[in-house]
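Colleague: Here it is, the structure in full.
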Amino acid sequence: MLCSPRVGQNGHVSTTFPRTRRSRLGYNVEQVEDFLEDARRAYSAGAGELTVITAATIRSMAFVMQKGGYLTTAVDAAMERLEDAFSAREREASVRVQGDAAWYAQARSKAQEILDRLARPETKRFSREGILSVGYHPVDVDDFTDRLVSYFQDGGALSATDVRGIAFRPKRGGYSEAQVDLVLDGVLEVMLAVR
């Protein structure tokens, strides 16, 4: 792992993240730097100023891969911290306008939507990909969703890092990745809302 400097458009040298070896793939340096600059501007924007970056956009951001790019684990960890910071700021702004009770009522409502979906029978919790398409392995997803139910209903041990880092085996005719990912995004929203 190398930490190579980057010369930006303004002529400043940047070593924001460690870089992969030239023969290994990492995140596109320009994209990461541009996104972080947009995030800095959005975070420092005054109250009421329109910004396009939110905790949700940070969570769904994907970067193109390039040889010699930024080390993915370092960028991913920074993106998680950034999402946490934006989420806390959004919560504070919403609580100022709506109050605590309304904020937590929204979080409870979202949690109930998730629980309703997860109450479906195993192997039928999400729609399936076609037989020739690959999705998430239903057994893996169902095992993890059991942990989610335990978290919401019984206060079972689960962290935002666990949700962000979960990986499911691929399977032909498996669960729709888009549907599963949407539920996992909702789980993160709730977790960050009630921190």
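The values are calculated or read from the model by the stated rules, or taken from the named source; none is laboratory data. Model, not experiment: these values are computed from the prediction. Note that we place each Cβ from the backbone using ideal geometry, even for glycine, and neighbour counts take in every protein chain shown.
Colleague: Report, by residue number, each residue of the stretch 137-154 that is of a type in the set (A, V, I, L, M, F, W, C) and surrounded by fewer than 16 Cβ atoms within 10 Å (Cβ to Cβ). It would help to see each step written out before you state the result.
Modeller: From the stretch 137-154, those of a type in the set (A, V, I, L, M, F, W, C) are 139, 141, 144, 148-149, 152; that's our starting set.
Selection gives Val139, Val149.
Colleague: Going through the stretch 50-63 one residue at a time, which ones are over 15 Å from Phe17 (Cβ atoms) and of a type in the set (A, V, I, L, M, F, W, C)? Steps first, answer last, please.
Modeller: Quick first cut of the stretch 50-63, residues over 15 Å from Phe17 (Cβ atoms) only: 50-60, 62.
Residues satisfying the conditions are Leu50, Val52, Ile53, Ala55, Ala56, Ile58, Ala62.
Colleague: Count, please, the residues in the stretch 166-183 that happen to be outside any loop (DSSP other than H, G, I, E, B) and not hydroxyl-bearing (Ser, Thr, Tyr). Write out each step before concluding.
Modeller: First, pick out the residues of the stretch 166-183 that are outside any loop (DSSP other than H, G, I, E, B): 170-172, 175, 177-183.
Next, only the ones that are not hydroxyl-bearing (Ser, Thr, Tyr) stay: 170-172, 177-183.
The qualifying residues number 10.
Colleague: Kindly provide the set of residues from the stretch 100-119 that are closer than 16 Å to Val141 by Cα and in a helix (DSSP H, G or I), ordered by number.
Modeller: From the stretch 100-119, those closer than 16 Å to Val141 by Cα are 114-119; that's our starting set.
Within the stretch 100-119, Ile114, Leu115, Asp116, Arg117, Leu118 meet the criteria.
Colleague: What pairs come up if the first residue lies in the stretch 171-190 and is at positive phi, the second is in a loop (DSSP other than H, G, I, E, B), and their beta carbons are under 8 Å apart, counting only those six or more places apart or on different chains?
Modeller: Filtered contacts from the stretch 171-190: Gly173/Glu129; Gly173/Gly130; Gly173/Ile131; Gly173/Ser133.
Colleague: Something else: Go through the stretch 35-65 and count every residue that is modelled with pLDDT of 95 or more and more than 16 Å from the chain's Cα centre (by Cα).
Modeller: Count: 2.
Colleague: Also, I was wondering about something else. Of everything in the stretch 127-162, what is more than 30 Å from Ala88 (Cβ to Cβ) and in a loop (DSSP other than H, G, I, E, B)? Give them in sequence order.
Modeller: Ser127, Glu129, Gly130, Ile131, Leu132, Ser133, His137
Colleague: Looking at (1) in contact with a helix residue (DSSP H, G or I) (Cβ under 7 Å, 6 or more places away or on another chain); (2) modelled with pLDDT under 95, which one does Phe168 not meet, given that it meets all the others?
Modeller: Among (1) in contact with a helix residue (DSSP H, G or I) (Cβ under 7 Å, 6 or more places away or on another chain); (2) modelled with pLDDT under 95, the lone unmet condition for Phe168 is (2).
Colleague: Just to be sure, is Gly69 of a type in the set (Gly, Ala, Ser), loosely packed, with under 15 Cβ neighbours inside 10 Å, more than 16 Å from Gly186 (Cβ to Cβ) and modelled with pLDDT of 90 or more?
Modeller: Working: of a type in the set (Gly, Ala, Ser): yes; loosely packed, with under 15 Cβ neighbours inside 10 Å: no; more than 16 Å from Gly186 (Cβ to Cβ): yes; modelled with pLDDT of 90 or more: yes.
Answer is no for this residue.
Colleague: What are the residues in the stretch 126-146 that are within 18 Å of Ala167 (Cβ to Cβ) and charged (D, E, K, R), if any? Please lay out each step first, then the result.
Modeller: Our first condition is that a residue be within 18 Å of Ala167 (Cβ to Cβ); within the stretch 126-146, this holds for 126, 129, 134-146.
The answer is Glu129, Asp140, Asp142, Asp143, Asp146.
Colleague: Yes or no: Thr57 in a loop (DSSP other than H, G, I, E, B), among the hydroxyl-bearing types (Ser, Thr, Tyr) and not assigned by TED's automatic domain parsing to the domain that holds Val149? Talk me through it step by step, then tell me what you get.
Modeller: On the way: in a loop (DSSP other than H, G, I, E, B): no; among the hydroxyl-bearing types (Ser, Thr, Tyr): yes; not assigned by TED's automatic domain parsing to the domain that holds Val149: yes.
Considered against the rule, which asks whether it is in a loop (DSSP other than H, G, I, E, B), among the hydroxyl-bearing types (Ser, Thr, Tyr) and not assigned by TED's automatic domain parsing to the domain that holds Val149, Thr57 comes out as no.
Colleague: Let me ask something else about it. Please identify the pairs in which a residue from the stretch 100-113 that is assigned by TED's automatic domain parsing to the domain that holds Asp154 has its Cβ atom under 8 Å from the Cβ atom of a residue that is hydrophobic (A, V, I, L, M, F, W, C) and not in a helix (DSSP H, G or I), counting only partners at least 6 apart or on another chain.
Modeller: Here the result reads Tyr104/Val194; Ala107/Val194, each pair linking the stretch 100-113 to a residue that is hydrophobic (A, V, I, L, M, F, W, C) and not in a helix (DSSP H, G or I).
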